[in-house]
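Engineer: Quick one: this structure, given as structure tokens, is what I'll be asking you about.
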Amino acid sequence: MIPIKTPDEIAIMRENNRILAQLFEFITPLVQPGITTAELDREAENFILSCGAKPAFKGYRGFPATICASINEEVVHGFPGPRQLKEGDILSIDLGALKNGFYSDSARTFAVGKISDKAAKLLRVTEESLYAGIAKAVPGGRLSDIGHAVQQTVEKAGFSVIRDFVGHGIGRQLHEEPQVPNFGRKGFGPQLKIGMTIAIEPMTAAGSWQIRILEDQWTAVTLDRSLAAHFEHSVAITKDGPLILSAL
């Protein structure tokens with residue numbers, strides 16, 4: 001069963017997700033050469049707590065931190081630590097918060113200083129694919145319409161969609177039904193209905209879509225060590241179309 005949210009519940013989720021949008025605005029100028037991912041994690045946790053929320057990821061299935069911090073070929077679920085960012089890196093930050101009984105979830109990939117043209121294109125195309133998918137989150141559409149739009153955008157630009165990870169429903173649980181793949185044929189899967197809330201999160205690679213998991217049992221990296229990017233918004237399906245909950 002795919003949970004349907006009431007307008008009041010969606011309003012609570014909008015408030016919670018706005019915390020993440022504000023957090024990204026706060027943390028963007030901190031993403032500079034020399035800072036460690038552990039320092040960014042501390043800043044993110046303090047920000048979430050200051051908003052009366054709790055970090056959603058910390059302790060979830062044993063994850064040790066507030067943010068997933070994934071650098072360069074790391075796709076997702078990277079552990080924050082003492083590694084310093086350096087000029088030319090790209091850093092994906094994925095995070096969530098819990099407040100008033102509902103979860104939020106969002107992700108963004110940052111350029112660290114000046115990055116290569118190819119890296120910049122990967123970030124731009126991945127973000128474009130997110131919004132292409134969001135545009136298909138409308139009542140009466142099919143779930144696979146979202147992934148199809150993401151895949152078309154990414155592959156047209158010569159990049160790959162990571163297939164081992166998917167988006168998901170979100171609400172009273174961090175991960176609810178349905179799963180939201182970032183690839184596939186359009187016109188399949190559950191019909192999208194008013195009140196559904198989903199996290200759409202394209203993860204892409206400059207090379208092959210294949211990945212492997214590192215020894216920490218969390219960090220996913222591209223098999224060919226090509227650069228990876230990740231963008232995510234939590235979205236509500238309304239009578240007026242998609243409402244991006246995790247925007248300012």
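Engineer: Can you tell me which residue in the range 20-42 is surrounded by the most Cβ atoms within 10 Å (Cβ to Cβ), limited to those that are among the charged types (D, E, K, R) and within 19 Å of the chain's Cα centre (by Cα)?
Structural biologist: That would be Asp41.
Engineer: A further question follows. Got a sec? Which strands (runs of 3 or more DSSP E) wholly within the range 1-115 have at least 2 residues that are in contact with a Gly (Cβ under 6 Å, 6 or more places away or on another chain)?
Structural biologist: 67-71, 102-111
Engineer: Out of (1) touching a residue at least 60 places away in the same chain (Cβ under 8 Å); (2) surrounded by fewer than 22 Cβ atoms within 10 Å (Cβ to Cβ); (3) among the small types (Gly, Ala, Ser), what's the single condition that is false for Ser70?
Structural biologist: (2)
Engineer: Consider Glu127 carefully, then state whether it is farther than 24 Å from Leu174 by Cα and at pLDDT 95 or above.
Structural biologist: No.
Engineer: Could you look through the range 110-148, keep only residues that are of a type in the set (S, T, N, Q) and under 23 Å from Ser226 (Cβ atoms), and pick out the one that is surrounded by the fewest Cβ atoms within 10 Å (Cβ to Cβ)?
Structural biologist: Ser116
Engineer: Looking at the range 99-127 only, could you name the residues that are more than 14 Å from Val31 (Cβ to Cβ) and either under 16 Å from the mean Cα position of the chain (by Cα) or free of Cβ contacts under 8 Å to residues at least 12 places away in the same chain (or both)?
Structural biologist: Answer for the range 99-127, where residues must be more than 14 Å from Val31 (Cβ to Cβ) and either under 16 Å from the mean Cα position of the chain (by Cα) or free of Cβ contacts under 8 Å to residues at least 12 places away in the same chain (or both): Tyr103, Ser104, Asp105, Ser106, Asp117, Ala120, Leu122, Arg124, Val125, Thr126, Glu127.
Engineer: What are the pairs, 6+ residues apart or on separate chains, where a residue within the range 13-37 that is without any contact (Cβ under 8 Å) to a residue 60 or more places away in the chain has its Cβ under 7 Å from a residue that is assigned to a helix (DSSP H, G or I) and surrounded by fewer than 20 Cβ atoms within 10 Å (Cβ to Cβ)?
Structural biologist: The qualifying pairs are Leu30/Glu43.
Engineer: Do you know which residues across the range 180-198 are under 15 Å from Gly241 (Cα atoms) and either surrounded by 23 or more Cβ atoms within 10 Å (Cβ to Cβ) or not basic (Lys, Arg) (or both)?
Structural biologist: Passing the criteria: Gln191, Leu192, Ile194, Gly195, Met196, Thr197, Ile198.
Engineer: Right, Val166: within 19 Å of Arg108 (Cα to Cα), hydrophobic (A, V, I, L, M, F, W, C) and buried (at least 20 other Cβ atoms within 10 Å of the Cβ) or not?
Structural biologist: no
Engineer: Right, next: Residue under question is Ala44, and the condition is that it be within 14 Å of Asp94 (Cβ to Cβ), of a type in the set (Gly, Ala, Ser) and in contact with an Asp or Glu (Cβ under 8 Å, 6 or more places away or on another chain); does it hold?
Structural biologist: Numbers: within 14 Å of Asp94 (Cβ to Cβ): yes; of a type in the set (Gly, Ala, Ser): yes; in contact with an Asp or Glu (Cβ under 8 Å, 6 or more places away or on another chain): no.
Here the answer is no, as Ala44 does not meet what is asked.
Engineer: So Gln173 fits all but one of (1) within 17 Å of Tyr60 (Cβ to Cβ); (2) among the polar types (S, T, N, Q); (3) surrounded by 19 or more Cβ atoms within 10 Å (Cβ to Cβ); what number is the exception?
Structural biologist: (3)
Matching residues to (1) at pLDDT 95 or above; (2) among the basic types (Lys, Arg); (3) touching a helix residue (DSSP H, G or I) at 6+ places or on another chain (Cβ under 9 Å):
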| position | (1), (2), (3) |
| --- | --- |
| Leu95 | yes, no, yes |
| Asn100 | yes, no, yes |
| Lys136 | yes, yes, yes |
| Gly140 | yes, no, no |
| Val154 | yes, no, yes |
| Phe159 | yes, no, yes |
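Engineer: OK, next. Which of the residues that make up the range 181-215 are among the hydroxyl-bearing types (Ser, Thr, Tyr) and in contact (Cβ under 8 Å) with a residue 60 or more places away in the chain?
Structural biologist: Listed by number, the residues that qualify are Thr197, Thr204.
The values are calculated or read from the model by the stated rules, or taken from the named source; none is laboratory data. Worth saying up front: this structure is predicted, and the values here are computed from it rather than measured. Virtual Cβ from ideal backbone geometry, glycine too; neighbours counted across all protein chains shown.
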